[in-house]
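Comments concern the structure below.
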Amino acid sequence: MVQNLSTILILIFSGLNLCLGCHSLGSQYDQFSSRRARARGVSSLERTSDNAIDFDYLTSNLPYSANDIRSISSLTPLPNRPFLTVSDGGKLTCNFDDEMEYCSWHNAENTDMKFWKGKLDSESRFDPSRFNSGSSLSFSPDNNFLLAGGEPMVASQTAAIEMEIPCQYGDADVKLDFWTNNLNVDVRYCIAKSGSDFHDCHLLQRVSNPLNFSVPTTADGLKVRIEVLNIDPDSIALVDNLHYNGQICELIDEVVENSLVPIGDTTSSTPPLITGNPPLPTDPTVQKFFEEDSNGIEESETPSSIGIQAVTSTAVSTAVSSQVNVKELSFCSALTCSFNDGDSCFYGLSGVGSTEAWSLSDRLIGNRHTGIQRVNLDDQSKVGFAYVGNDTVSQEQKIFVAESPKFSLIQDTLLLFDIYIRSVSPTLRVCIDLFDNCPYKSPMVRKDKFWRGRQKVALKEGSRKVFFVVENVRKHQFLAIDNIRLESLNGSSLC
């Protein structure tokens with residue numbers, strides 16, 4: 001009897017433990033369900049005095065939701081129209097970190113959802129691991145970025161940014177960094193003629209950043225749009241580091257001269273900005289720069305064999321000026337540049353007449369003899385410069401043109417810059433407004449000199465453009481410029 005009673009009691013307590021175990025498992029399941037819901041951006045999990053410890057532990061390890069990212073970001077509006085058009089010198093390479101960046105990308109006017117310029121709040125205690133676990137795409141939110149989503153909405157929406165190119169020589173490449181927390185969100189690019197609707201659109205594959213696409217050559221103007229689709233209440237999209245690598249041209253007045261210019265035995269429909277005979281054979285008596293000791297005597301330069309001729313008319317068509325805004329860059333914004341942080345400021349690295357683009361570097365490059373192997377002592381804060389040349393192929397027949405945007409100069413001014421040159425044949429000319437007005441030519445090479453500081457070019461009142469033109473760059477030869485600034489005639493800084 002007693003034994004039976006003991007057996008009954010054991011069974012009762014076992015049942016109670018089993019029920020408690022079921023309750024415990026059920027509670028854990030509910031927690032995991034809430035955790036999964038939270039990861040999807042659902043805010044049903046609420047912090048109370050009873051679950052504070054568990055709540056803080058669970059949420060500290062979850063990927064950021066769309067609302068989380070938006071709430072820890074300071075947002076400022078991105079305009080619906082360009083602050084400065086491309087024709088007026090606006091930039092198509094934008095990282096959105098500088099308030100005076102003059103970026104030509106802007107929100108599309110016909111989308112309900114808009115992009116914002118975002119920056120993480122300094123007091124938000126941002127957790128990179130929670131951010132990175134939300135997407136397989138690598139993206140750095142350390143500086144400013146564009147943000148769309150993370151807000152209440154009834155149905156999925158589209159956000160888009162766009163820009164307009166007035167004229168472009170050859171194809172161009174556009175790159176961007178993209179991030180989203182939702183695989184259902186798509187990103188695509190669209191291209192249309194100026195004044196037309198967007199119908200030609202293509203999805204971008206989100207394999208790794210940067211995403212990229214091409215923009216075809218145009219003489220009549222194109223609009224380019226980047227669209228982010230299927231943004232729902234649980235989704236957010238970030239865009240940053242838009243980079244445009246192409247050659248923007250200006251329309252040439254057709255009454256100037258015939259656009260078919262003979263070059264050798266062929267003809268070309270390119271506007272007649274650069275003409276001349278093919279380069280002559282290299283003089284066999286020209287000695288290589290480091291071949292023998294010259295005891296510090298300056299060596300003579302090889303003269304340029306490609307003539308650069310100017311268009312003898314108004315270079316900018318009235319059709320262009322009638323379509324652009326009246327805004328124009330100040331001469332300080334248009335001309336000064338340190339080339340740091342991979343930024344060419346407002347200089348076009350493949351300007352009018354260029355057959356090869358300048359490059360930017362944030363580190364020393366090239367061989368130890370003629371490469372750029374010294375830091376510029378006049379710009380030591382960061383290594384950054386624009387350069388031409390390489391150690392692999394000769395670019396002797398290439399022409400490199402770095403072109404400033406248009407500006408208005410209200411007084412006679414000195415343009416100063418630093419040049420790095422360690423080879424005899426490369427030649428830099430600085431031209432003002434026209435290619436036959438080039439008051440500066442690079443100095444002769446000296447073996448004991450690397451960066452040559454304070455190179456001066458006089459700019460007259462009323463000057464509108466500056467071109468840095470380099471020719472005759474052979475294999476293993478380099479030339480660089482840096483630290484462009486402006487001074488008054490009495491030597492005081494203007495910017």
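Structural remarks
- When region 471-495 is filtered for residues that are of a type in the set (A, V, I, L, M, F, W, C) and open to solvent by 10 Å² or more (accessible area, probe 1.4 Å), the ones remaining, listed by number, are L489, L494, C495.
- Residue satisfying condition, being surrounded by fewer than 20 Cβ atoms within 10 Å (Cβ to Cβ) and either aromatic (F, W, Y) or on the phi > 0 side of the Ramachandran plot (or both), within set D433, D391: D433
- Residue list for region 405-446, filter: farther than 14 Å from F331 by Cα and of a type in the set (S, T, Y): Y420, S423, S425, T427, Y440, S442
- Out of Q455, Q397, Q411, sole residue that is open to solvent by 10 Å² or more (accessible area, probe 1.4 Å), in contact with a Phe, Trp or Tyr (Cβ under 7 Å, 6 or more places away or on another chain) and on the phi < 0 side of the Ramachandran plot: Q455
- Filtered residues of region 94-105 (kept if of a type outside the set (A, V, I, L, M, F, W, C), within 18 Å of S404 (Cβ to Cβ) and in contact with a helix residue (DSSP H, G or I) (Cβ under 9 Å, 6 or more places away or on another chain)): Y102
- Top-ranked residue in region 346-374 [being assigned to a loop (DSSP other than H, G, I, E, B) and without any contact (Cβ under 8 Å) to a residue 40 or more places away in the chain; ranked as most open to solvent (accessible area, probe 1.4 Å)]: R368
- Scanning region 375-388 for residues that are in a strand (DSSP E or B) and open to solvent by 10 Å² or more (accessible area, probe 1.4 Å) gives a single hit, Y387.
- Looking across region 406-445, the residues that are touching a residue at least 40 places away in the same chain (Cβ under 8 Å), farther than 17 Å from C495 by Cβ and part of a strand (DSSP E or B) come down to I419, Y420, I421, T427, L428, R429, C431.
- Hey, V228 within 26 Å of M113 (Cβ to Cβ), modelled with pLDDT under 90 and out of contact with any Gly (no Cβ under 6 Å at 6 or more places or on another chain) or not: no
- Sub-6 Å Cβ pairs linking a first residue in region 131-152 that is farther than 13 Å from P63 by Cβ to a second residue that is assigned to a loop (DSSP other than H, G, I, E, B) and among the charged types (D, E, K, R), at least 6 apart or interchain, are N143/D97; N144/D97, ordered by first then second residue.
- Breaking point among (1) of a type in the set (A, V, I, L, M, F, W, C); (2) in contact with a Lys or Arg (Cβ under 7 Å, 6 or more places away or on another chain); (3) farther than 24 Å from G348 by Cβ, for A192: (3)
- Candidates K119, K175, K114: the one that is within 23 Å of L75 (Cα to Cα) and within 19 Å of the chain's Cα centre (by Cα) is K119.
- When the strands (runs of 3 or more DSSP E) confined to region 446-495 are screened for residues that are within 15 Å of D412 (Cβ to Cβ), at pLDDT 90 or above and not small (G, A, S), those reaching at least 3 such residues are found at 451-459.
- Single residue of region 81-124 satisfying the filter (of a type in the set (F, W, Y) and in contact with a Phe, Trp or Tyr (Cβ under 7 Å, 6 or more places away or on another chain)) that is farthest from V174 (Cα to Cα): F83
- Among residues of region 102-112, those that are in a loop (DSSP other than H, G, I, E, B), out of contact with any Ser or Thr (no Cβ under 8 Å at 6 or more places or on another chain) and open to solvent by less than 20 Å² (accessible area, probe 1.4 Å), counted: 2
- Selection within region 331-345 - of a type outside the set (S, T, N, Q) and either out of contact with any Phe, Trp or Tyr (no Cβ under 6 Å at 6 or more places or on another chain) or open to solvent by less than 20 Å² (accessible area, probe 1.4 Å) (or both): C332, A334, L335, C337, F339, D341, G342, D343, C345
The values are calculated or read from the model by the stated rules, or taken from the named source; none is laboratory data. Nothing here was measured: the structure is a model prediction, and the numbers come from that model. Note: ideal-geometry Cβ built from the backbone for every residue, glycine included; neighbour counts use all protein chains shown. Protein only, heavy atoms only, side chains kept; ligands, DNA and RNA dropped before computing areas. Shrake-Rupley method; radii C 1.70, N 1.55, O 1.52, S 1.80 Å.
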